[in-house]
1. I'd like the full set of residues that are assigned to a loop (DSSP other than H, G, I, E, B) and surrounded by 15 or more Cβ atoms within 10 Å (Cβ to Cβ), limited to the stretch 1-24.
2. Name the pairs: first residue in the stretch 150-170 and free of Cβ contacts under 8 Å to residues at least 24 places away in the same chain, second residue of a type in the set (Lys, Arg) and open to solvent by 70 Å² or more (accessible area, probe 1.4 Å), Cβ to Cβ under 9 Å, at least 6 apart or on different chains?
3. Among the numbered criteria (1) surrounded by fewer than 14 Cβ atoms within 10 Å (Cβ to Cβ); (2) of a type in the set (Val, Ile, Thr); (3) in a strand (DSSP E or B), which one does Val84 miss?
4. When you scan the stretch 87-102, how many residues do you find that are more than 22 Å from Glu30 (Cβ to Cβ), among the basic types (Lys, Arg) and surrounded by fewer than 17 Cβ atoms within 10 Å (Cβ to Cβ)?
5. Under 6 Å between Cβ atoms, which residue pairs at least 6 apart in sequence (or on different chains) link something in the stretch 25-50 that is under 19 Å from Pro182 (Cα atoms) with a partner that is surrounded by fewer than 17 Cβ atoms within 10 Å (Cβ to Cβ) and of a type in the set (Lys, Arg)?
6. Among the numbered conditions (1) crowded, with 17+ Cβ neighbours inside 10 Å; (2) modelled with pLDDT under 90, tell me where Pro182 comes up short.
7. State yes or no: is Arg166 more than 30 Å from His98 (Cα to Cα), basic (Lys, Arg) and either assigned to a loop (DSSP other than H, G, I, E, B) or open to solvent by 60 Å² or more (accessible area, probe 1.4 Å) (or both)?
8. Quick check on the stretch 106-115. Is at least one of its residues over 19 Å from Val84 (Cβ atoms), β-branched (Val, Ile, Thr), open to solvent by less than 50 Å² (accessible area, probe 1.4 Å) and touching a Cys at 6+ places or on another chain (Cβ under 9 Å)?
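The values are calculated or read from the model by the stated rules, or taken from the named source; none is laboratory data. Because the structure is predicted, anything quoted here is derived from the model rather than measured. Ideal geometry is used to build each Cβ from the backbone, glycine not excepted, and the neighbour counts take in all protein chains shown. All accessible areas refer to the heavy atoms of the entire protein, side chains included, with ligands and DNA or RNA removed. Shrake-Rupley method; radii C 1.70, N 1.55, O 1.52, S 1.80 Å.
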Amino acid sequence: AATESVSTILTHIRAERDARYTAFSLIAGEGVVRNQIEAEITGAGAEVSLNGVNLLSGAQHADTTITVSHQAPHARSWQSYKNVLADRARGVFQGKIHVDRAAQKTDGYQLSNTLMLSSLAEMDVKPELEIYADDVKCSHGATSGKVDETALFYLRARGISESVARLMLVEAFVRDVIETAPHEGIRQEMEAVVAQWLSRHA
């Protein structure tokens, strides 16, 4: 059965001088999923952007593990992941930015935001910076919380039902990451998957 499935994804990226790499992932299935991304930035001026949405429900477990290794100067990396957890789902986000001594003027960013739709769901986040250069701009952050009750009240006061209002807020939560998908057709497909998942769980 799909609920007993195990999926593993391994992506290895090597970005050389002035290369541009943008990736988007969407996890919305069942079972156990491990998404591992390893990015080496070996050329000056290269940029790597990693974005994703994880929609987890039932007893699903999804693990996103990312390592970005900056080995060259004047390069940039970006990680932005949104997680929505329902039922008894468990998510894990481990993100590491490693900056080598030679990678001066590195600009590294990492953010993981989680929306909990159930008190039984669990999200474990481990952001990490390992910096050996002294002229860098690196930051990381993580948030988790429930649907904003003030925003929910605002929408309901305008005649929107609670279920529709909740759906709108969760959809807005993931929208900015979906918009990073580089192709319009892919964005539309992702929006349809998100809408279908939210109609069952939001």
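1. From the stretch 1-24, those assigned to a loop (DSSP other than H, G, I, E, B) are 1, 5, 16-19; that's our starting set.
Residue satisfying the conditions is Ala19 alone.
2. Sorted first by the residue in the stretch 150-170, then by its partner, the pairs are Glu162/Arg156; Ala165/Arg156; Ala165/Arg158.
3. (1)
4. 1
5. Pairs found: Glu47/Arg20.
6. That leaves (1) as the condition not met.
7. Considered against the rule, which asks whether it is more than 30 Å from His98 (Cα to Cα), basic (Lys, Arg) and either assigned to a loop (DSSP other than H, G, I, E, B) or open to solvent by 60 Å² or more (accessible area, probe 1.4 Å) (or both), Arg166 comes out as no.
8. Checked the stretch 106-115: at least one residue is over 19 Å from Val84 (Cβ atoms), β-branched (Val, Ile, Thr), open to solvent by less than 50 Å² (accessible area, probe 1.4 Å) and touching a Cys at 6+ places or on another chain (Cβ under 9 Å).
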